[in-house]
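*Asks:* Take a look at this one; I'll ask things after.
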Amino acid sequence: MNDTTLGRARPKATHAFGRLTFAALAFLLLLDLLQSIFGGVLRYYLAQSGIPSAAYAPKFLIIVMIVVTAILSLQTLRVRKSVITITVTFVVYLLVGLIYTKTATQVLFGAFILVQLYFGVLIAPVLLKYSTKLTKYALVMWLCVAAGVTFNHFSSVSWSGSDFTIGTHTLDASRQWSAFGINRIAGFSRASYSAASQLLFLALVVLVLGKRTLLRVFVWLCTGVLVVATTTKTAIGVFLIITVLAMIIKMRRLFPQFVRATMFVAPIVICLIGIIAPVSILLFNFQLDLSSVWSELLFASFGDRLQNTWPDTFNLIFNHGNWLLGRGIGGIGAAQQFFEPTLFSPADNMFLYLYASFGIVALYILFAYTRRVCSFHDSRQKWDVLMWLMGVAVLAEGWTINVVESSFLALALGITFAASTSKRTDLA
């Protein structure tokens with residue numbers, strides 16, 4: 001075999017391996033989504049079989065794929081800017097986490113949680129490549145979530161309220177809880193808010209990329225009803241915001257300047273609200289009037305964030321970390337439940353979670369993300385509209401959810417962050 005033959009063979013082999021990598025990423029995404037949708041059922045029956053840790057198999061496969069992809073990127077010298085930026089930030093704040101938590105396993109657990117976000121960045125080009133096939137997959141998954149919520153609404157399920165043990169730690173298989181005597185329905189998933197976010201984001205794909213108007217409208221309206229059934233107030237609010245914005249986008253031909261301006265300004269406003277809301281407690285002492293049943297039903301959880309969760313999170317950062325650097329990776333959220341239970345804070349806000357994990361750099365992260373979401377404002381391509389709506393939904397969810405520890409939301413955050421740098425195809 002001569003040098004010319006070798007030169008011709010290498011590109012073919014590389015191309016074939018690239019296609020294999022894309023296929024592997026697509027398969028892992030499908031596996032990951034199914035594991036999230038059926039998380040409660042899966043953990044329950046795996047625990048019954050004595051192998052609860054098998055539920056984390058997709059995550060470990062994703063880690064392997066991330067390592068393989070990183071090695072391949074270094075070999076071909078084709079590493080995207082977003083990947084480099086995230087990797088450098090990741091390494092620096094691993095060290096910060098180690099300094100302030102003083103527990104390597106806690107930091108590693110915090111890094112494990114961020115895998116979903118990193119995976120979202122990697123999977124964005126794959127989703128774009130197979131964008132014409134996304135609708136049918138999203139619809140099937142949406143039907144699975146909808147069936148779980150509907151079934152759970154009319155009857156109790158065996159996995160609701162169950163738990164499982166890994167090592168010395170006990171975890172919820174599917175969380176069972178209620179508000180004002182109303183059960184919060186999780187369906188097949190691990191919690192009501194997880195089911196709500198799954199319904200929203202899967203329905204968004206159908207709404208934007210679907211070709212049949214009647215099906216798109218039907219799925220979206222059913223999503224609104226089902227989200228209400230989960231009693232997840234944040235998801236209900238996001239559903240209403242996205243509904244209004246989707247209707248505005250449909251008026252592009254009549255009011256093109258207004259629509260472009262709205263699509264540029266909306267993400268910025270929503271992002272600022274997500275930052276100002278928790279920061280405002282440092283300046284003002286809020287006291288919500290919860291004397292009526294309706295005010296308590298609508299605002300009790302928000303009042304708890306204003307008076308307890310958010311102040312506790314700032315105290316955690318200022319007293320057990322650094323106002324400039326935060327506490328590093330693993331310094332807040334789920335990792336604390338295992339290693340720092342007395343300091344545990346869920347943050348319940350994306351900015352606060354990022355601030356605790358990455359310090360003042362959190363502002364830059366949110367600015368960079370919001371700018372990328374805004375970059376879709378002048379496009380008529382369906383893929384770009386989907387990324388814009390999905391980005392807005394992530395920012396709005398971030399008002400009262402830390403986002404990063406939610407499987408669907410973290411994936412959407414990574415996908416929309418990376419999507420603006422991917423080559424787009426006109427799907428309109």
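The values are calculated or read from the model by the stated rules, or taken from the named source; none is laboratory data. Since the model is a prediction, treat every value here as computed from it, not as a measurement. Please note: Cβ atoms are built from the backbone with ideal geometry, for glycine as well, and neighbour counts cover all protein chains shown.
*Asks:* Output the residues belonging to the stretch 341-350 that are surrounded by fewer than 24 Cβ atoms within 10 Å (Cβ to Cβ) and part of a helix (DSSP H, G or I).
*Replies:* Scanning the stretch 341-350 gives 341, 342, 343.
*Asks:* State yes or no: is residue 379 small (Gly, Ala, Ser) and more than 23 Å from residue 281 (Cβ to Cβ)?
*Replies:* Spelling it out, residue 379 is indeed small (Gly, Ala, Ser) and more than 23 Å from residue 281 (Cβ to Cβ).
*Asks:* When the stretch 192-214 is examined, which residues are found to be of a type in the set (A, V, I, L, M, F, W, C), farther than 14 Å from residue 389 by Cβ and touching a residue at least 24 places away in the same chain (Cβ under 8 Å)?
*Replies:* Of everything in the stretch 192-214, those that are of a type in the set (A, V, I, L, M, F, W, C), farther than 14 Å from residue 389 by Cβ and touching a residue at least 24 places away in the same chain (Cβ under 8 Å) turn out to be 195, 196, 199.
*Asks:* Let me ask another. Inside the stretch 355-409, can you point out the residues that are closer than 25 Å to residue 36 by Cβ, among the hydroxyl-bearing types (Ser, Thr, Tyr) and assigned to a loop (DSSP other than H, G, I, E, B)?
*Replies:* Residues satisfying the conditions are 400, 406.
*Asks:* Residue 261 passes all but one of (1) under 19 Å from the mean Cα position of the chain (by Cα); (2) surrounded by fewer than 18 Cβ atoms within 10 Å (Cβ to Cβ); which number fails?
*Replies:* (1)
*Asks:* Being assigned to a helix (DSSP H, G or I), of a type in the set (S, T, N, Q) and touching a Phe, Trp or Tyr at 6+ places or on another chain (Cβ under 8 Å) is the filter; apply it to the stretch 214-268 and report the residue that is farthest from residue 379 (Cα to Cα).
*Replies:* 230
*Asks:* Out of 35, 106, 75, I need the residue that is surrounded by fewer than 20 Cβ atoms within 10 Å (Cβ to Cβ), of a type in the set (S, T, N, Q) and at pLDDT 85 or above. Which one?
*Replies:* None of the others qualify; the one that does is 35.
*Asks:* Out of 376, 351, 338, I need the residue that is of a type outside the set (Lys, Arg) and out of contact with any helix residue (DSSP H, G or I) (no Cβ under 6 Å at 6 or more places or on another chain). Which one?
*Replies:* 338
*Asks:* Also, quick follow-up: Say whether the condition of being assigned to a helix (DSSP H, G or I), surrounded by 24 or more Cβ atoms within 10 Å (Cβ to Cβ) and at pLDDT below 95 is met by at least one residue in the stretch 313-326.
*Replies:* No, the stretch 313-326 has no match at all.
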